[in-house]
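Trainee: Once you've had a glance at the structure underneath, I'll fire off some questions.
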Amino acid sequence: MSESTRVTEKGQATIPKHLREKYDLEPGDEVVWVDSDEGIVVKKRTRTGGRGMLVPDDTSEGKREEIAEELERRVRKRRDHNYEEA
(Lines give C-alpha, C1' and ligand atoms only; values in the text may rest on other atoms or scores of the structure.)
Protein backbone atom coordinates (compact mmCIF):
# COMPACT_ATOMS: atom_id res chain seq x y z
CA MET A 1 0.00 0.00 0.00
CA SER A 2 1.27 3.46 -0.77
CA GLU A 3 0.01 6.92 0.00
CA SER A 4 1.33 10.33 -0.90
CA THR A 5 1.58 13.56 1.08
CA ARG A 6 3.10 16.91 0.18
CA VAL A 7 6.31 18.42 1.51
CA THR A 8 5.80 21.94 2.88
CA GLU A 9 8.03 24.93 2.20
CA LYS A 10 9.73 24.17 5.54
CA GLY A 11 10.53 20.63 4.37
CA GLN A 12 7.91 19.01 6.60
CA ALA A 13 5.74 16.07 5.59
CA THR A 14 2.74 14.58 7.37
CA ILE A 15 2.81 10.89 8.20
CA PRO A 16 -0.67 9.52 7.44
CA LYS A 17 -2.76 8.82 10.54
CA HIS A 18 -3.17 5.08 9.91
CA LEU A 19 0.63 4.71 9.69
CA ARG A 20 1.19 6.78 12.86
CA GLU A 21 -1.27 4.49 14.64
CA LYS A 22 0.18 1.30 13.15
CA TYR A 23 3.73 2.21 14.18
CA ASP A 24 2.74 3.88 17.46
CA LEU A 25 4.15 7.28 16.48
CA GLU A 26 3.25 10.07 18.88
CA PRO A 27 4.10 13.79 18.86
CA GLY A 28 7.72 14.20 19.86
CA ASP A 29 8.81 10.72 18.76
CA GLU A 30 11.85 10.64 16.53
CA VAL A 31 12.10 9.03 13.13
CA VAL A 32 15.23 8.15 11.19
CA TRP A 33 15.54 9.02 7.50
CA VAL A 34 17.56 6.40 5.62
CA ASP A 35 18.87 6.96 2.08
CA SER A 36 18.63 3.57 0.35
CA ASP A 37 18.93 2.25 -3.19
CA GLU A 38 15.12 2.13 -3.28
CA GLY A 39 14.72 5.76 -2.11
CA ILE A 40 14.05 7.27 1.29
CA VAL A 41 13.05 4.93 4.11
CA VAL A 42 11.58 6.37 7.32
CA LYS A 43 11.86 4.34 10.52
CA LYS A 44 10.78 5.03 14.07
CA ARG A 45 13.78 5.51 16.31
CA THR A 46 13.62 2.88 19.02
CA ARG A 47 14.92 2.91 22.54
CA THR A 48 18.30 1.33 23.06
CA GLY A 49 17.61 0.08 26.58
CA GLY A 50 20.49 2.07 27.99
CA ARG A 51 23.11 0.96 25.49
CA GLY A 52 26.12 3.24 25.69
CA MET A 53 25.23 4.64 29.10
CA LEU A 54 27.99 5.03 31.62
CA VAL A 55 26.93 2.40 34.13
CA PRO A 56 29.05 -0.33 35.66
CA ASP A 57 29.49 -3.41 33.47
CA ASP A 58 27.83 -5.59 36.10
CA THR A 59 24.58 -3.57 36.01
CA SER A 60 21.71 -5.95 35.28
CA GLU A 61 19.65 -5.62 32.11
CA GLY A 62 16.61 -4.90 34.26
CA LYS A 63 18.35 -2.02 36.02
CA ARG A 64 19.64 -0.66 32.69
CA GLU A 65 16.07 -0.72 31.36
CA GLU A 66 14.82 1.04 34.49
CA ILE A 67 17.47 3.76 34.11
CA ALA A 68 16.69 4.17 30.40
CA GLU A 69 12.95 4.49 31.12
CA GLU A 70 13.58 7.16 33.77
CA LEU A 71 15.85 9.11 31.41
CA GLU A 72 13.25 8.88 28.64
CA ARG A 73 10.55 10.13 31.04
CA ARG A 74 12.71 13.11 32.00
CA VAL A 75 13.57 13.95 28.40
CA ARG A 76 9.90 13.78 27.35
CA LYS A 77 8.89 15.96 30.31
CA ARG A 78 11.50 18.59 29.44
CA ARG A 79 10.65 18.45 25.74
CA ASP A 80 6.93 18.82 26.43
CA HIS A 81 7.65 21.73 28.78
CA ASN A 82 9.75 23.42 26.08
CA TYR A 83 6.93 22.99 23.52
CA GLU A 84 4.47 24.60 25.94
CA GLU A 85 6.69 27.69 26.19
CA ALA A 86 6.96 28.15 22.41
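Trainee: Please say if the range 1-45 is rounded, prolate or oblate, where rounded means a/c under 1.5 for a ≥ b ≥ c the square roots of the C-alpha gyration tensor eigenvalues, and otherwise the choice is prolate for a/b larger than b/c and oblate otherwise?
Mentor: Details: a/c = 1.29, a/b = 1.14, b/c = 1.12.
Rounded.
Trainee: In degrees, nearest 10, range 0 to 90: what is the angle between the Cα axis of helix 61-85 and the longest Cα principal axis of the chain?
Mentor: 50 degrees
Trainee: Let me ask something additional. Tell me, what ³J(HN,Hα) does each residue in the range 8-16 have, in order and in whole Hz, if you take phi through Karplus 6.51 cos²θ - 1.76 cosθ + 1.60 with θ = phi - 60° and put x for Gly and Pro?
Mentor: Values per residue, Gly and Pro as x: 7, 4, 7, x, 8, 9, 8, 7, x Hz.
Trainee: Placing +1 on the Cβ of each Lys and Arg and -1 on the Cβ of each Asp and Glu in the chain, which of Gly39, Thr59, Tyr83 has its Cα farthest towards the positive end of the resulting dipole?
Mentor: Tyr83
Trainee: Working with all protein chains in place, sort Arg73, Arg20 by solvent-accessible area computed with a 1.4 Å probe, largest first.
Mentor: Arg73, Arg20
Trainee: Counting each DSSP H run of 4 or more residues in the chain as -39500 (n - 2.57), what helix-only mean residue ellipticity at 222 nm follows after dividing by all residues, to the nearest 500 deg cm²/dmol?
Mentor: Numbers: 2 runs with 31 residues, N = 86.
That calculation yields -12000 deg cm²/dmol at 222 nm.
Trainee: Can you compute 3J(HN,Hα) from phi for each residue in the range 32-38, using the Karplus curve 6.51 cos²θ - 1.76 cosθ + 1.60 with θ = phi - 60°, rounded to whole Hz and x for Gly and Pro?
Mentor: 3J(HN,Hα) across the range 32-38, in whole Hz: 10, 9, 10, 8, 10, 4, 7.
Trainee: Same structure, new question: Please give, to one decimal in nm, the separation of the simple spin-label points placed at Arg20 and Arg76, each 7 Å out from Cα toward the Cβ.
Mentor: Distance between label points: 1.6 nm.
Trainee: What label, among (i) 60; (ii) 54; (iii) 47, belongs to percent of Cα pairs over 20 Å apart computed from the structure on display?
Mentor: Read-out taken from this structure: (ii).
Trainee: If you count only protein heavy atoms with a 1.4 Å probe, what accessible area per residue comes out for the chain, rounded to a whole Å²? Don't skip to the end; give the middle numbers.
Mentor: Numbers: 8110 Å² over 86 residues.
Using a 1.4 Å probe on heavy atoms only, each residue of the chain averages 94 Å².
The values are calculated or read from the model by the stated rules, or taken from the named source; none is laboratory data. Please read all numbers here as calculations on a predicted model, not as lab measurements. Positions of Cβ are generated from backbone atoms using ideal geometry, with glycine treated the same way; all protein chains shown enter the neighbour counts. The accessibility values were calculated without ligands, DNA or RNA, using every heavy atom of the protein model including side chains. Shrake-Rupley method; radii C 1.70, N 1.55, O 1.52, S 1.80 Å.
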